[in-house]
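One structure is given here, and the rest of the page talks about it.
The values are calculated or read from the model by the stated rules, or taken from the named source; none is laboratory data. Only a predicted model underlies this, so the values are computations on that prediction, with no experimental measurement involved. Using ideal geometry, Cβ is built from the backbone for each residue, glycine included, and neighbour counts are taken over all protein chains shown.
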Amino acid sequence: MLKEFVSLVDSKDDIVDVANLFSKAELKKWEKWIEIFESIRIDNVAVGLKQVSETYKLNKTEEVTVLAYVKFLELMINSVGRMENEMKEGVGKETVSPVNEVMYG
């Protein structure tokens, strides 16, 4: 499925429609994960996780997946923070507050 997705992305088509990659059951699962990920707000992770745990009955593997997504969000925040620091340093700013490198493990 990932190889097929990469082929879609690499094609000359302007629109990438993943729905064609999934069976009806897989599409339903994909939509569930999109809803879960959208529930987790980057500025208030705990509230999102509480909402997810109250809304969905997840197995251990799915819970690990959600926590991996939280870690991914942290990495993206840190990446943006580093880029902002580099930009500020490039225009002569003295000091910029350090980015917390490890929030969630």
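Residue count for the stretch 10-27 under the criterion of being at pLDDT 90 or above and surrounded by fewer than 10 Cβ atoms within 10 Å (Cβ to Cβ): the result is 4.
Filtering the stretch 32-78 to residues that are hydroxyl-bearing (Ser, Thr, Tyr) and outside any loop (DSSP other than H, G, I, E, B) leaves 39, 53, 55, 61, 65, 69. Here residue 104 meets each of (1) aromatic (Phe, Trp, Tyr); (2) at pLDDT 95 or above; (3) part of a loop (DSSP other than H, G, I, E, B) with one exception, condition (2). For the stretch 28-49, check the following and say yes or no: at least one residue is on the phi > 0 side of the Ramachandran plot, modelled with pLDDT under 90 and surrounded by fewer than 14 Cβ atoms within 10 Å (Cβ to Cβ). Checked the stretch 28-49: no residue is on the phi > 0 side of the Ramachandran plot, modelled with pLDDT under 90 and surrounded by fewer than 14 Cβ atoms within 10 Å (Cβ to Cβ).
Limited to the stretch 55-84, what total is found for residues that are farther than 18 Å from residue 34 by Cβ, of a type in the set (A, V, I, L, M, F, W, C) and in contact (Cβ under 8 Å) with a residue 12 or more places away in the chain? Final tally of qualifying residues: 1. Pairs linking a residue in the stretch 1-13 that is on the phi < 0 side of the Ramachandran plot and in a helix (DSSP H, G or I) to a residue that is of a type outside the set (Val, Ile, Thr) and surrounded by fewer than 10 Cβ atoms within 10 Å (Cβ to Cβ), with Cβ atoms under 8 Å and 6 or more positions apart or on different chains, are 8/17. Within the stretch 67-85, which residues are among the acidic types (Asp, Glu) and surrounded by fewer than 15 Cβ atoms within 10 Å (Cβ to Cβ)? Selection gives 84 alone.
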